[in-house]
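Peer 1: Provided herewith is a single structure, encoded as structure tokens, for subsequent inquiry.
Computed from the coordinates by the stated procedures, all read-outs in this text should not be read as laboratory data. What you see is a predicted model; the values in this text were computed from it and never measured. FYI the Cβ positions are ideal-geometry reconstructions off the backbone, even for glycines, and counts take in every protein chain you see.
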């Protein structure tokens, strides 16, 4: 892998991991558009370590508070949201692995992500939004199920968790922070799970690896800070329109033109 490829993929991963537009879907899309072959498992793992570093830095105060109060209600809620995601990932890992690499359902998934974003923004706002730590336990479970559905490459993890949280009446800013906090155990667990399959450890000395991880961490941090400020003042509609249009373009190529898929 060239340094340029590493920089580009790391930047794409970082910017799109936390925005509700799907990082995995964009990585698959970029590789198809540029006709790049599938990347090393090690590289994929370290891209995710980069975005993990981004959220650890951006939400360090919240994470420190959770570490100091490991049995708080918010910790329990995050655990309840994590469990169904882990179960779905373990049960259906092999089933969706080929779908992920082929990109066969990419267009449909982008379209669905955008549709969900527009739908949730069409709902009437709650008069008294719920704080994340005060949500019902079953609400946390539903958010975890939504996150588990993001095993499909272009179903956005942050998009689905945000849509579910907002649909359940969670305050907008709180929903974003909860989604970001929920990404920590998922990204860490998935990365460690993949890391056990890494065979070529000499690849760890590759400059491309660290360029990809560094660009992913930097752009991921910027994306988090942007969304935390953006969501309090604006809606998710621009992201919904973007992913719907992207889905339509991809489906057109998949079903008609066959230029990239």
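Peer 1: Please rank 45, 248, 86, fewest neighbouring Cβ atoms within 10 Å first, as an exposure proxy. Let's see the in-between values first.
Peer 2: On the way: 45 20, 248 13, 86 17.
Least crowded to most crowded, the residues run 248, 86, 45.
Peer 1: Still on this structure: Pairs of alpha-carbon atoms within less than 8 angstrom and 6+ residues apart define the contacts here; what relative contact order does region 3-257 have, in percent?
Peer 2: The value is 41 percent.
Peer 1: Next question, about the same structure. Among 237, 60, 172, 157, rank each residue by its count of other Cβ atoms within 10 Å, from fewest to most, as a rough exposure measure.
Peer 2: In increasing order of surrounding Cβ atoms, one gets 60, 237, 172, 157.
Peer 1: Taking neighbour counts of Cβ atoms within 10 Å as a proxy for exposure, in what order, fewest first, do 257, 15 appear?
Peer 2: Neighbour counts put them in this order, fewest first: 257, 15.
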